[in-house]
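A.B. asks: Take this structure, written in structure tokens, and hold onto it; I'll ask about it next.
The values are calculated or read from the model by the stated rules, or taken from the named source; none is laboratory data. Here the structure is a predicted model, which means the values were calculated and not measured. Every residue, glycine as well, gets a Cβ built from its backbone with ideal geometry; the counts of neighbours run over all protein chains shown.
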Amino acid sequence: MQSKKRREPVRKWCCIKHSEAEEKIINNIAHALDVRRITAGLVYDRLKSDDIERASEFIDSTSHFHDPFLMKDMEIACERIGSAIERGEHITVYGDYDVDGVTSVTLLTTYLKRRGVRSCSYYIPCRIGEGYGLSTGAIDKIFESDSRFIITVDTGITATDEIEYAKKLGIELVVTDHHECKRGETGEMILPFVPCVNPRQDNCNYPFDELAGVGVVFKLICALEMKRLGLDVAEACERVIDEYGELVAIGTVADVMPLIDENRAIVKRGLEIMRDPKFVGTRELISLCAGIDFNKKPVKKLSTSLISFTLAPRINAVGRMGNAADAVELFACTDAETASQKALELSHMNTVRQQEENAILTEALAKIDKCNINDKVIVLDDDNWHHGVIGIVASRITERYGLPSILISFEGNIGEKTSGSDIGKGSGRSVKGLDLVKALDACKDTLVRFGGHELAAGLTIERGNLESFKKAINEHADEIFDLKEAEQIITADASVGLEELDEKLACELYLLEPYGQANPLPQFIIENVTVSELYPLKEGKHVKLVVSKDNTSITALWFGKKFADIEFCVGDKIDLLGSLELNEFMGRTCVQIHIKDLRASKELTKEISEYAAVYNDALHGGAYPADMLPDRDDFAAVYRYIKNVLFKENDEDCVRYSLIAAHVLKNEKMPYIKLRAILDIMCELGLVSYVSETNESCRIALNKQVRKVDLEASDLLTALRRRASK
């Protein structure tokens, strides 16, 4: 039996290990900072340094801000902007349509207006009509508005041709950006011939090149304030972060920048400010979407997850589905009523985006089942997919299958009939091992244009080259991408005992915040715990467990995991991977675990192997346990589960025995040996097609043509009854 469905990746747990020398450093950090050894290990893994002072600064989240004038062209940029302010020139701020771009535009335009610049506007291109970055069409519109000075934010560093076009029209520019610069064939950097403020430039002395676009704008404003008021670095940065910190933090987290060095200080301060936001728009968006009432009681603590999962999707949604200017206008609001209405509009647009995303994902998954199962790069196309959403769907597909994926939309082509010259726009996501930009470069003869990063890229292609592109990129992947079996690696920071997960450790972990890129939320492996309680939450959409070992018990929650997909029962011994947090409810504080994954413990796996050996022996003439003989009700329960649950939508799948065993009976686990016997007998009688792949999983399909069989006609059932031990 050949499976029609592409396999999802095997989840593999990986735990960080330390050498003896590293263990000594970790012990020193723990002793010097008076923290648990677990906490000290987390600090060491993030810094890879034995410097106690650096470790102390990391825990305190203190970081001095670097001198902005160390950044190449900062002095020239400040002089040109200062001159424009003094002369009353019209200044156009040109930005991107994502969260980093929106916060960058908002930050600089707000600052300029507060500096008294009356003639200040901004321009954000439309994702669908104009695409990313500077374009000659946008420059023409700015020229027609009588603006002759553009400051780019979060874009522009590679727009050499467009900037030359603007200069010919008499428009001057200052570029601020944080993206990689364009390079020639010999590796030399190709930059626009205008002042460029970007820490990624060659010969730039700035010590930190991981700022977001809004972070570069933040440093530009710090430099302008230093020149205007004669402040030193610390005074200027403190002044600017206090006034605009929430914007810089939102853009930095949303753009997934590493939370180290200056970014760490920026985000920590920004989150503190967001407990009582300076911008009315921020306040109303948080109130609406996170349910926080700033007027009732002080907000104790906010985390980066508020930005990543609540604010950023809503700000991004208007750029994907509509006009990013709506998000800028939200932050520009000065009265709560208008800001509240704008926040509602952003939230509604995000709902529309989610609906579109789910619809495209459903269609994409159906297409995947029809693709070549051996392709290492999943390439899908459609005429009606929304350009602004396909990147998110590509991320979900890559996460699901552990493979690079590219979605291409030919939406917007004019005419009833398709043509080989129809233009499609694609968005791709990759995994470690396949640099997506290099892969696209290997197929450049089939593309109109492409660009991006190692793990995320965009492309434009003519319909007539689509099949050639699919073939070319998979041939490239075959040469360099070793994929024996797709694996989804889940990394844990440490293996800990259940008794170690207490309130003191949870409090210490809060010292390591803010969490994000390069400082991930700590995750732990807890082995061989017993499931004491297990039940669904919110109509089976989430799962709650109580796990115990010796005299310790702890609550564990798995959000977004369907109860029907849990393959364990009360009494099972399992390993758990998750993060720790404090839960405050009704005046009580307790620790709980947020589950990332579960697996059978070594003890449970050994038990299954022993059961499998007994069953396999019985198949070859050995004794069969009498209490494992199935009756008619057992067969009916398994058949109903296969028909109504497993294959309600799909005709064929790979499934674990433990999942079936956990759900076929109410409040009871079906014994492994009995389940194996039932499936083999049902296969013999033609009710299902079934192949046991391992002791833990099988491939199974329902035969929908068979409606009724006589169990007594089974030779296997007769043999097992005869071999049943007394």
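A.B. asks: Can you tell me how many residues within the stretch 183-200 are closer than 25 Å to K168 by Cα and touching a residue at least 40 places away in the same chain (Cβ under 8 Å)?
C.D. replies: 4
A.B. asks: Next question. Can you tell me how many residues in the stretch 553-575 are of a type in the set (A, V, I, L, M), assigned to a strand (DSSP E or B) and more than 21 Å from the chain's Cα centre (by Cα)?
C.D. replies: As a first pass, look at the stretch 553-575 and keep what is of a type in the set (A, V, I, L, M): 554, 556-557, 564, 566, 570, 574.
Still in the running and assigned to a strand (DSSP E or B): 554, 556-557, 574.
Checking the rest, the ones that are also more than 21 Å from the chain's Cα centre (by Cα) come to 554, 556, 574.
Residues in the stretch 553-575 being of a type in the set (A, V, I, L, M), assigned to a strand (DSSP E or B) and more than 21 Å from the chain's Cα centre (by Cα): 3 in total.
A.B. asks: Now for a separate question. Looking for whichever is within 25 Å of the chain's Cα centre (by Cα) and under 30 Å from Q592 (Cβ atoms) here; the options are L511, L440, L407. Which one fits?
C.D. replies: Values: L440 fails: under 30 Å from Q592 (Cβ atoms); L407 fails: under 30 Å from Q592 (Cβ atoms).
Only one candidate passes the filter, namely L511.
A.B. asks: Looking at the stretch 380-403, which of its residues are touching a Lys or Arg at 6+ places or on another chain (Cβ under 7 Å), of a type outside the set (V, I, T) and crowded, with 21+ Cβ neighbours inside 10 Å? I'd like the intermediate steps shown before the answer.
C.D. replies: Initially, the stretch 380-403 is screened for residues touching a Lys or Arg at 6+ places or on another chain (Cβ under 7 Å), giving 380, 387-389, 394-395, 398, 401, 403.
Next, only the ones that are of a type outside the set (V, I, T) stay: 380, 387-388, 394-395, 401, 403.
Result: L380, H387, G388, A394, L403.
A.B. asks: Here's another thing I want to ask about it. Taking the conditions exactly as written (of a type in the set (A, V, I, L, M, F, W, C), at pLDDT below 90 and outside the structural domain of G156 (by TED's automatic domain parsing)), does L361 satisfy them or not? First the steps, then the outcome.
C.D. replies: On the way: of a type in the set (A, V, I, L, M, F, W, C): yes; at pLDDT below 90: no; outside the structural domain of G156 (by TED's automatic domain parsing): yes.
For L361, the condition - of a type in the set (A, V, I, L, M, F, W, C), at pLDDT below 90 and outside the structural domain of G156 (by TED's automatic domain parsing) - is not met.
A.B. asks: Okay, next question. I need a count of the residues in the stretch 527-541 that are farther than 14 Å from L557 by Cβ and touching an Asp or Glu at 6+ places or on another chain (Cβ under 8 Å).
C.D. replies: Qualifying residue count, the stretch 527-541: 4.
A.B. asks: E508 fails exactly one of the following numbered conditions: (1) among the acidic types (D, E); (2) part of a loop (DSSP other than H, G, I, E, B); (3) closer than 30 Å to V531 by Cβ. What is the number of that condition?
C.D. replies: All conditions pass for E508, except number (2).
A.B. asks: All but one of (1) of a type outside the set (A, V, I, L, M, F, W, C); (2) surrounded by fewer than 17 Cβ atoms within 10 Å (Cβ to Cβ); (3) in contact with a strand residue (DSSP E or B) (Cβ under 7 Å, 6 or more places away or on another chain) hold for S601; state the number of the condition that does not hold.
C.D. replies: All conditions pass for S601, except number (2).
A.B. asks: Could you tell me how many of the residues in the stretch 625-638 are in contact (Cβ under 8 Å) with a residue 24 or more places away in the chain and either assigned by TED's automatic domain parsing to the domain that holds K561 or closer than 15 Å to L679 by Cβ (or both)?
C.D. replies: Result for the stretch 625-638: 7.
A.B. asks: Here's another thing I want to ask about it. Name the residues in the stretch 318-328 that are of a type outside the set (A, V, I, L, M), surrounded by fewer than 24 Cβ atoms within 10 Å (Cβ to Cβ) and in contact (Cβ under 8 Å) with a residue 24 or more places away in the chain, would you? Quick ask: steps written out before the conclusion?
C.D. replies: Looking only at the stretch 318-328, we keep the residues that are of a type outside the set (A, V, I, L, M), and these are 319-320, 322-323, 326.
Retained after the next criterion (residues that are surrounded by fewer than 24 Cβ atoms within 10 Å (Cβ to Cβ)): 322-323, 326.
Those that are of a type outside the set (A, V, I, L, M), surrounded by fewer than 24 Cβ atoms within 10 Å (Cβ to Cβ) and in contact (Cβ under 8 Å) with a residue 24 or more places away in the chain: G322, N323.
A.B. asks: How many residues does the stretch 582-594 hold that are of a type in the set (V, I, T) and either surrounded by fewer than 19 Cβ atoms within 10 Å (Cβ to Cβ) or outside the structural domain of W558 (by TED's automatic domain parsing) (or both)? It would help to see each step written out before you state the result.
C.D. replies: Within the stretch 582-594, the subset of a type in the set (V, I, T) is 589, 591, 593.
After this cut, where a residue has to be either surrounded by fewer than 19 Cβ atoms within 10 Å (Cβ to Cβ) or outside the structural domain of W558 (by TED's automatic domain parsing) (or both) as well, the list is 589, 591.
Qualifying residue count, the stretch 582-594: 2.
The rows are residues; the columns are (1) among the acidic types (D, E); (2) buried (at least 24 other Cβ atoms within 10 Å of the Cβ); (3) touching a Gly at 6+ places or on another chain (Cβ under 9 Å); (4) closer than 16 Å to L173 by Cβ.
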position: D100; (1), (2), (3), (4): yes, yes, yes, no
position: L108; (1), (2), (3), (4): no, yes, yes, yes
position: Y111; (1), (2), (3), (4): no, no, no, no
position: C120; (1), (2), (3), (4): no, no, no, yes
position: G131; (1), (2), (3), (4): no, no, yes, no
position: S135; (1), (2), (3), (4): no, no, no, yes
position: K141; (1), (2), (3), (4): no, no, no, yes
position: S145; (1), (2), (3), (4): no, no, no, yes
position: D154; (1), (2), (3), (4): yes, yes, yes, yes
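A.B. asks: Any residue in the stretch 164-181 that is over 30 Å from F65 (Cα atoms) and crowded, with 19+ Cβ neighbours inside 10 Å?
C.D. replies: Yes, the stretch 164-181 contains at least one residue that is over 30 Å from F65 (Cα atoms) and crowded, with 19+ Cβ neighbours inside 10 Å.
A.B. asks: Please tell me if R275 is without any contact (Cβ under 8 Å) to a residue 24 or more places away in the chain and basic (K, R). Give the derivation first.
C.D. replies: Details: without any contact (Cβ under 8 Å) to a residue 24 or more places away in the chain: no; basic (K, R): yes.
No; evaluated as a whole, the condition is false for this residue.
A.B. asks: Quick one: which helices (runs of 4 or more DSSP H) sit completely within the stretch 599-705 and have at least 1 residues that are acidic (D, E), over 26 Å from V547 (Cα atoms) and more than 32 Å from the chain's Cα centre (by Cα)?
C.D. replies: Details: elements: 602-619, 632-641, 657-663, 672-684.
Those helices (runs of 4 or more DSSP H) span 602-619, 632-641, 672-684.
A.B. asks: If I go through the stretch 279-317 residue by residue, how many of them are closer than 20 Å to D100 by Cα and either in a helix (DSSP H, G or I) or touching a residue at least 40 places away in the same chain (Cβ under 8 Å) (or both)? So that I can check it myself, show each step before the final result.
C.D. replies: First pass over the stretch 279-317, keeping only residues closer than 20 Å to D100 by Cα: 279-286, 289, 302-317.
Next, only the ones that are either in a helix (DSSP H, G or I) or touching a residue at least 40 places away in the same chain (Cβ under 8 Å) (or both) stay: 279-286, 289, 303-317.
Adding up the residues that qualify gives 24.
A.B. asks: May I pose another question? Taking only the stretch 262-317 into account, find how many residues are β-branched (V, I, T) and surrounded by fewer than 21 Cβ atoms within 10 Å (Cβ to Cβ). Break it down into steps so the answer makes sense when it comes.
C.D. replies: Going through the stretch 262-317, the residues β-branched (V, I, T) turn out to be 266-267, 273, 280, 282, 286, 292, 299, 304, 307, 310, 315.
Now narrow it down to the ones that are surrounded by fewer than 21 Cβ atoms within 10 Å (Cβ to Cβ): 292, 299, 310.
Matching residues across the stretch 262-317 total 3.
A.B. asks: Here is a further query. Has the stretch 306-324 got at least one residue that is in contact with a Gly (Cβ under 8 Å, 6 or more places away or on another chain), farther than 26 Å from S340 by Cα and outside the structural domain of I128 (by TED's automatic domain parsing)? Explain how you work it out, then say what you get.
C.D. replies: Step one: list which residues in the stretch 306-324 are in contact with a Gly (Cβ under 8 Å, 6 or more places away or on another chain), which gives 308, 319-321, 324.
Narrowing further to those that are farther than 26 Å from S340 by Cα: none.
Among the residues of the stretch 306-324, not one is in contact with a Gly (Cβ under 8 Å, 6 or more places away or on another chain), farther than 26 Å from S340 by Cα and outside the structural domain of I128 (by TED's automatic domain parsing), which makes the answer no.
A.B. asks: When both residues are 6+ apart or on different chains and their Cβ atoms are under 6 Å apart, which pairs have a first residue that lies in the stretch 54-70 and is modelled with pLDDT under 90, and a second that is in a loop (DSSP other than H, G, I, E, B) and of a type outside the set (S, T, N, Q)?
C.D. replies: Here the result reads I59/L511, each pair linking the stretch 54-70 to a residue that is in a loop (DSSP other than H, G, I, E, B) and of a type outside the set (S, T, N, Q).
A.B. asks: I need the full set of residues from the stretch 1-53 which are assigned to a strand (DSSP E or B) and either surrounded by fewer than 16 Cβ atoms within 10 Å (Cβ to Cβ) or at pLDDT below 90 (or both), in order please.
C.D. replies: First, pick out the residues of the stretch 1-53 that are assigned to a strand (DSSP E or B): 10-15.
Residues satisfying the conditions are V10, R11, K12, C14, C15.
A.B. asks: Next up: Please determine, by comparing only the residues of the stretch 207-245 that are part of a loop (DSSP other than H, G, I, E, B) and of a type in the set (D, E), which one is surrounded by the fewest Cβ atoms within 10 Å (Cβ to Cβ).
C.D. replies: D232
A.B. asks: Scan the stretch 531-581 residue by residue and report those that are of a type in the set (V, I, T) and surrounded by 19 or more Cβ atoms within 10 Å (Cβ to Cβ).
C.D. replies: V531, V543, V547, I554, I566, I574
A.B. asks: If we scan the stretch 450-460, do we find a residue that is assigned to a helix (DSSP H, G or I), out of contact with any Phe, Trp or Tyr (no Cβ under 7 Å at 6 or more places or on another chain) and in the same structural domain as V393 (by TED's automatic domain parsing)?
C.D. replies: For the stretch 450-460, residues assigned to a helix (DSSP H, G or I), out of contact with any Phe, Trp or Tyr (no Cβ under 7 Å at 6 or more places or on another chain) and in the same structural domain as V393 (by TED's automatic domain parsing): absent.
This table checks each residue for (1) modelled with pLDDT of 90 or more; (2) in a strand (DSSP E or B); (3) not aliphatic (A, V, I, L, M).
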position: E337; (1), (2), (3): yes, no, yes
position: S340; (1), (2), (3): yes, no, yes
position: R353; (1), (2), (3): yes, no, yes
position: L365; (1), (2), (3): yes, no, no
position: N374; (1), (2), (3): no, no, yes
position: S395; (1), (2), (3): yes, no, yes
position: I414; (1), (2), (3): no, no, no
position: T418; (1), (2), (3): no, no, yes
position: S421; (1), (2), (3): no, no, yes
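A.B. asks: Kindly establish whether R264 is touching a Ser or Thr at 6+ places or on another chain (Cβ under 9 Å) and not β-branched (V, I, T).
C.D. replies: Working: touching a Ser or Thr at 6+ places or on another chain (Cβ under 9 Å): yes; not β-branched (V, I, T): yes.
Yes: the conditions hold for R264.
A.B. asks: Taking the condition of being outside any helix (DSSP H, G or I) and farther than 27 Å from S579 by Cα, how many residues in the stretch 54-75 meet it? Before the answer, list the steps.
C.D. replies: Quick first cut of the stretch 54-75, residues outside any helix (DSSP H, G or I) only: 61-67, 71-73.
From what is left, the residues that are farther than 27 Å from S579 by Cα are 64-67, 71-73.
So the count comes out to 7.
A.B. asks: Turning to a different aspect of this structure: Tell me, please, whether a residue that is surrounded by 21 or more Cβ atoms within 10 Å (Cβ to Cβ), at pLDDT 90 or above, within 25 Å of the chain's Cα centre (by Cα) and among the β-branched types (V, I, T) can be found in the stretch 457-467.
C.D. replies: No, that holds for no residue.
A.B. asks: Right, something else. Restricting attention to the stretch 554-561, does a residue exist that is more than 23 Å from P522 (Cα to Cα) and modelled with pLDDT under 95?
C.D. replies: Of the stretch 554-561, the ones more than 23 Å from P522 (Cα to Cα) are none.
Checking the stretch 554-561: not a single residue is more than 23 Å from P522 (Cα to Cα) and modelled with pLDDT under 95.
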